[in-house]
Amino acid sequence: MKEEQRGIDDSVVTKRKSCTVAFKSLRVVVLTAMFLIWIHQIYHGQKIAITLSRKERFQQCSVDNYLATGLPFLDTAERPPLEEYILRRNNLAKALLADGIDAFVVEPGYTFSYYANVTQPQWESWEPEERPFLMILRPSIAEDGTVVANTSFLVPHFEEDRARLLKMPFQEPISTITYEEHWNYYTTLWEAPMWKETLSPNLMVDEEIRDFIARGLASNGFNVVGLAGEVEAVRQVKTDREIGILRAVNTGTVEAIRSMRKCLYKGVTENEVVEVLDNTLRAAGFEPFFDIVEFGKSAALPHGGHDGTRELQPGELILIDVGAHLYGYSSDVTRTFYPPFFPNPPPSEHNTTEKTFVWNLVLEAQAASVKAMKADATAASVDIAARNIIEAAGYGKQFTHRLGHGIGIKAHESPYLNKGNHIDVLRPGMVFTSEPGVYVWNEFGVRHEDVLVVRGEGDAENISGGFAVGPWEP
Ligand SMILES: *[C@@H]1O[C@H](CO)[C@@H](O)[C@H](O)[C@H]1NC(C)=O
Ligand SMILES: *[C@@H]1O[C@H](CO)[C@@H](O)[C@H](O)[C@H]1NC(C)=O
Ligand SMILES: *[C@@H]1O[C@H](CO)[C@@H](O)[C@H](O)[C@H]1NC(C)=O
Ligand SMILES: *[C@@H]1O[C@H](CO)[C@@H](O)[C@H](O)[C@H]1NC(C)=O
């Protein structure tokens, strides 16, 4: 019994011993692991602290927020295909017939890129040239009876091949009229067979054409008139593809402001916000092309003007007006808001009564302009709808600019929404900004800017993702 007992005891002791050893080595492993994790965390934390500045963390935060949305707004945009350019030129041909014009003449620039995808710097990266390169668009009747555009180019002979290499969006090889350096190129154009028996062809020149070219044409056989009428309306009325791109880039620009806002901190400068916002927009594939970022009393100047070094303080409203490009189309939106670190409701030492009143007033004015933005309304009536509300509240003199403008491949395009424009009448498909503002000198400024498309029926439709909701919810 005893021996047996001892035997059992011995084995228990042996088991206990081996358990203790196992436990001890487990404890060593766990402690070592915890130590390594701790060291790693310190190292990693220091690495972030050492290699990322506050501004870089700000940018990382903003870009991460932006990408976390999944960028769903990009879905409505596609790069304009060949058919889009054919559609635009054929729309122009119909407008030329309606206006009684023989041809439309345009130099590389915004309008040229609208009809044939070539901007001024794409043709002359150095500087605008003295030798004219002109696109001449005429209406003609196709075999099926429809009105289509017939396009030719006036180009220096030695540049003809370079013009072909632009691969402009045409189905057929481009048709050129060439001139030698020592010729009168306006006469060369006038002698081209396309004018047939017409002695003084009626040319409408684009608003961007340089004055010496317009005068050269006018003094060499052509009757020259400026951009107007149905021809001007072609670019004003956006196609569905254009609206898709404008919706994407404007919605995405508002989203970028919202993503950036969440990362703002006390003491950040206006210039730092510009840089971070631009890089946030780039994360969606947009190309930023202007920013107005103003804190507090800087925003009493609607288009900025200070040096951007102001540091953000609690209680200051932030005004941001920013634009970016997608496939050559512009965004132009404005938000005015408090940073997230400024509490809502505000601490009692901040009197925000007037700022809050003005913030809501400007939003009310914007809503009134959207209601007024209907087909067949005059441009003036839309401005006046917003202005009446601001004037009635006693801030009329502080609403110092027009209500808005057309927007497309240029951020500012005709028609312009100002209270004197009783000539331009809104058509379905026109796209405008509505951007009322109130600027209280030496105090603050508020502007809300969204982009809207005029519809055939009902109110204009917002294509910048919806309006601001409140000073903490821009
Ligand atoms: C228009 O030009 C851009 C480059 O500037 C090019 O990527 C695009 O394919 C062109 N579009 C057409 C329809 O040729
Ligand atoms: C365009 O006009 C020219 C000159 O009138 C003519 O020779 C040519 O066939 C026309 N092109 C098309 C595609 O209609
Ligand atoms: C806050 O400012 C408004 C004017 O903007 C003024 O009427 C009001 O008395 C002020 N409130 C306090 C508590 O000072
Ligand atoms: C803005 O437009 C979007 C998309 O069409 C729509 O869902 C939203 O309700 C609109 N917001 C307002 C306030 O009209």
Practice problem: With a Förster radius of 25 Å, plug the Cβ-Cβ distance of Lys262 and Glu391 into 1/(1 + (r/R0)^6) and report the FRET value to the nearest 0.05. | Solution: 0.10
Quiz prompt | Assigned charges on the beta-carbon of Lys, Arg, Asp, Glu; the chain dipole about Cα centre (debye) | solution = 2480
Practice problem: Measure nothing fancy, just the Cα-based angle from helix 54-68's long axis to the longest principal axis of the chain, in degrees from 0 to 90, nearest 10. | Solution: 70
Exercise. Starting from 0 in steps of 10 Å, tell me what percent of the Cα-Cα pairs of the chain lands in each bin.
Key: 4, 16, 22, 19, 14, 9, 5, 3, 3, 2, 1, 1, 0, 0
Exercise. Please state the charge dipole magnitude for the stretch 240-462, taken about the Cα centre, from unit charges on C-beta atoms (+1 on K and R, -1 on D and E), reported in debye and rounded to the nearest 20.
Key: 280
Quiz prompt | Three semi-axes of the equivalent ellipsoid, the stretch 82-236, Cα gyration tensor, whole Å, largest first | solution = 21, 19, 16
Quiz prompt | In nm, spacing of pseudo-spin labels at Phe289 and Glu207 (7 Å Cα→C-beta vector) | solution = 1.5
Quiz item: Which residues does a label at Val425 reach in the stretch 176-213, if reach means a backbone N under 15 Å from a point 7 Å past the Cα toward the Cβ?
Solution: none
Quiz prompt | Extension reserve of the Glu180-Leu87 stretch, reckoned as 0.36 nm per residue once the Cα distance is removed | solution = 30.2 nm
Quiz item: Working out 0.36 nm times the residue gap between Glu127 and Glu443, then minus their Cα-Cα distance, what length gain in nm do you get to one decimal?
Solution: 109.5 nm
Quiz prompt | Nearest-20 debye value, the stretch 82-236 charge dipole, Cβ charges on Lys, Arg, Asp, Glu | solution = 220
Practice problem: Within 10 Å, count the other beta carbons around each residue, average over each peptide in 445-454, 393-402, and list them highest first. | Solution: 445-454, 393-402
Quiz item: By average Cβ neighbour count within 10 Å, what is the ranking of 288-295, 209-216, 250-257 from highest down?
Solution: 250-257, 288-295, 209-216
Exercise. Count the net charge of all other residues whose Cβ sits under 13 Å from the Cβ of Glu78, scoring Lys and Arg as +1 and Asp and Glu as -1.
Key: -2
Quiz item: Alpha carbon centre of the stretch 140-180 versus the stretch 396-432: separation in Å?
Solution: 34
Quiz item: Under a no-solvent Debye model with one identical scatterer per Cα of the stretch 297-414, what's log10 I(q)/I(0) at q = 0.23 Å⁻¹?
Solution: -1.41
Exercise. Let me have the 222 nm mean residue ellipticity of the chain computed from DSSP H runs of 4+ only, each contributing -39500 (n - 2.57), with the sum over all residues rounded to the nearest 500.
Key: -13000 deg cm²/dmol
Self-check item: the stretch 191-293: proportion of alpha-carbon pairs further apart than 15 angstrom, %
Solution: 74
Self-check item: Out-of-range pairs (alpha-carbon distance over 22 Å; input Lys94/Lys238; Lys167/Lys238; Lys94/Lys374; Lys262/Lys371; Lys355/Lys397; Lys371/Lys419)
Solution: Lys167/Lys238; Lys94/Lys374; Lys262/Lys371
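None of the figures in this text is laboratory data; all of them are computed from the coordinates on show. Just so it is clear, the structure is predicted and the values come from calculations on it, not from any experiment. Quick reminder, even Gly has a Cβ in these numbers, built from the backbone with ideal geometry, and neighbours come from all protein chains shown.
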